[in-house]
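Shown next, in structure tokens, is the structure this report addresses.
Since every read-out is calculated from the coordinates, none of them should be taken as a lab result. What you are looking at is a predicted structure, and each value in this text was computed from that prediction instead of being measured.
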Amino acid sequence: MLLLSLGLITGIISGMGIGGGTILIPGLILLTSLTQKQAQGINLFIYLPTATIALITHFYNKNLKLKPIIPIILMGIIGSIVGAKMAVVFDSNILRIIFAIFLLIMGVHELFVKDT
């Protein structure tokens, strides 16, 4: 039941465009015996269908600006190749620390930086 709830919360957050992995990865690590690498792999696999549905919904509601999409996609592809190669090389504990630091920085940013 906990994993079903985790999936529902992750899907809702993914649909909002926030990124469900911020909830899914820590949730999988805390609720299961998965390693950081396994949790990240599951997150990537789950990302595909949730992002597809969210993209279709946002496109239908005209929430997309198409002009910046191509350069972002190209840089995202390059970044994902680099990140995937790094994930294979790094130990799961190092990845966990990097992910925790990332979440901490994002949390502090959200608390103290005003939107303009």
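Annotations
- The long axis of helix 92-112 is offset from the longest Cα principal axis of the chain by roughly 50 degrees.
- Helix 69-89 axis, angle to the chain major axis (alpha carbon atoms, nearest 10°): 10 degrees
- Pairs of alpha carbons in the chain separated by more than 21 Å make up 48% of all such pairs.
- Helix axis angle, 2-15 relative to the chain longest principal axis, alpha carbon, degrees: 30 degrees
- Under 24 Å from K85, Cα to Cα: lysines that are on another chain or at least 8 residues apart: K37
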